[in-house]
Structures are given as C-alpha cells and as structure tokens.
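Each remark here refers to the structure printed beneath this line.
The values are calculated or read from the model by the stated rules, or taken from the named source; none is laboratory data. Quick caveat: nothing in here was measured; it's all calculated off a predicted structure. Note: ideal-geometry Cβ built from the backbone for every residue, glycine included; neighbour counts use all protein chains shown.
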C-alpha cells in the first residue's frame, strides 16, 4: 500500500510583480510527494522549475496555493544548486561540516558524520583538499554531502550537473543513483535532460511553457538499481519519446 505523502503541493500559483501586470511563473500546480520517492521536474526553459523548488524550500512565498509537509515542525531540507557554491577557503571536510557547525553540533560529532558522508560520495583521500583542487564533479559531490549531512527530510536539487561536461554529467547520474539507493532520501530534482530524469527518477513531472503547470505526471517503471546499459533499452527509448512529445 502506498504510504501517505510527506509533502503536498496544492493549487500553487506564483506571480512576480512587474510593470506589465506581473510575470506568471507557475499556475495551479498540484502534486503529492511520497516518502523515499525520487521525482524529476522536467520542462522547457522559463517554465518555472526553479521557482517551484524555491517555493518548496521556503525561499519564496507563492502568490496563492500552499505547500504542506506531513511533519508538524519545520522539515529539514537540503538543497544543491547548479554551482557547488563551496567556500573556497574551507577544505572538503570543513565545507561538509558547515550545516552542523551552524546547528551547534560538537566538532567531534560533526567530523565523524562528515567522514561518513565523504565515504558515501566517494571522496576518500580528499578530506583536506580545497575547492580549487577539485574537478566539477568532485565539487558537486561535496555539495551533495553537505546537503545530506543534517539528514534532511527532503533533498532539493536544482540542475546540479548542468554545468558539467557530458561525460562527467553521465558519471554523476550513476553516482547520484548509488547515493540515493544507499540513503533512500526523498528527492525532487530539476533538470532539462530527458535521459537524466529517466535514469534517476521514480516519477517525472513535465511542466508546460510559462506559466508552468503540470502537463504530465509519468511513473518511470524501470528496475532498480539502474545500470548504464538501461539507457540503451527499447523501453527507455519509449519512455523518452513520451516525455519528448509532452515537452514539445
């Protein structure tokens, strides 16, 4: 039986005021998110994908509608952006411990948890490296570890691999899939890539052109864990065509 949703989005509309009567980013968006789901939000540029993520993160108030979490207290949310946004003067270990330092955790506990995260994302041996010494993919692994270290109820990813080259991006799909398999967090990820969404997600939400509203909510019935070879199967291609038709 399906578990009750941990997050409910209902009739969400967001309008940014301007001199022309307002820029309508989102219109009447509604969906549920269940525990441990990995959801990708797909759509053309300007369809409101990042706006939707910012509303769910509590960084932006919607014009109307609501986002409701099952937990009565404020949920823990982790967020990863397109750029890793690491502090250049802090080492990998120190960047990852930052959320725990802000929370007031002790140094010993924070370092122990950070080392667990470093092992999870495969960065052993780079604990004392500075961001300038990391590749783009490694920097994003640090950002993911930093977002996970405080055990969030919801992990929001805003095109985290969008600035990487194609080969690195595809390797990071496999890494993120492995990390999700290990931690089973609830994830909502914005992407422009059909292949990325199918490789990673349990469900894909397709937004229309602005103002964005949900045009398709498609379950991805591909087996897990997912290997690279699944991208070359006939069923993967069939699902990709469905998403492409919905976007176009």
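Things worth noting here:
- Here is the figure for region 103-131: residues that are closer than 21 Å to residue 169 by Cβ and assigned to a helix (DSSP H, G or I) total 2.
- Meets criteria (out of contact with any helix residue (DSSP H, G or I) (no Cβ under 8 Å at 6 or more places or on another chain) and either touching a residue at least 12 places away in the same chain (Cβ under 8 Å) or closer than 23 Å to residue 77 by Cα (or both)) for residue 186: yes
- For region 77-95, the criterion of a residue being in contact (Cβ under 8 Å) with a residue 60 or more places away in the chain, part of a helix (DSSP H, G or I) and within 17 Å of the chain's Cα centre (by Cα) is satisfied by no position.
- The single condition among (1) in contact (Cβ under 8 Å) with a residue 40 or more places away in the chain; (2) touching a strand residue (DSSP E or B) at 6+ places or on another chain (Cβ under 9 Å); (3) in a loop (DSSP other than H, G, I, E, B); (4) surrounded by fewer than 15 Cβ atoms within 10 Å (Cβ to Cβ) that residue 11 does not meet is (3).
- Considering region 189-233, and only residues there that are more than 19 Å from residue 52 (Cβ to Cβ) and under 15 Å from the mean Cα position of the chain (by Cα), the residue that is surrounded by the fewest Cβ atoms within 10 Å (Cβ to Cβ) turns out to be 199.
- Listed by first and then second residue, the pairs linking a residue in region 115-127 that is within 15 Å of residue 149 (Cα to Cα) to a residue that is exposed (fewer than 13 other Cβ atoms within 10 Å of the Cβ) and at pLDDT 90 or above, with Cβ atoms under 8 Å apart and 6 or more places separating them unless they lie on different chains, are 118/124.
- From 84, 143, 147, residue being surrounded by 15 or more Cβ atoms within 10 Å (Cβ to Cβ) and either modelled with pLDDT under 90 or out of contact with any strand residue (DSSP E or B) (no Cβ under 6 Å at 6 or more places or on another chain) (or both): 84
- Tallying residues that are in contact (Cβ under 8 Å) with a residue 60 or more places away in the chain, assigned to a loop (DSSP other than H, G, I, E, B) and crowded, with 16+ Cβ neighbours inside 10 Å within region 45-65 yields 3.
- Yes/no for residue 27 being part of a loop (DSSP other than H, G, I, E, B), under 30 Å from residue 221 (Cα atoms) and in contact (Cβ under 8 Å) with a residue 12 or more places away in the chain: no
- Note on region 181-213: residues that are closer than 29 Å to residue 26 by Cα and in a helix (DSSP H, G or I) total 7.
- In region 25-44, the qualifying residues are those that are at pLDDT 90 or above and surrounded by fewer than 18 Cβ atoms within 10 Å (Cβ to Cβ), and the one that is farthest from the chain's Cα centre (by Cα) is 28.
- Residues considered: 160, 131. Of these, the only one that is surrounded by fewer than 21 Cβ atoms within 10 Å (Cβ to Cβ) and within 16 Å of residue 82 (Cβ to Cβ) is 131.
Table: residues versus (1) in a helix (DSSP H, G or I); (2) within 12 Å of the chain's Cα centre (by Cα); (3) in contact (Cβ under 8 Å) with a residue 24 or more places away in the chain.
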site	(1), (2), (3)
141	yes, no, yes
145	yes, no, yes
151	no, no, yes
157	no, yes, yes
160	no, yes, yes
163	no, no, yes
169	yes, no, yes
176	yes, yes, yes
179	yes, no, yes
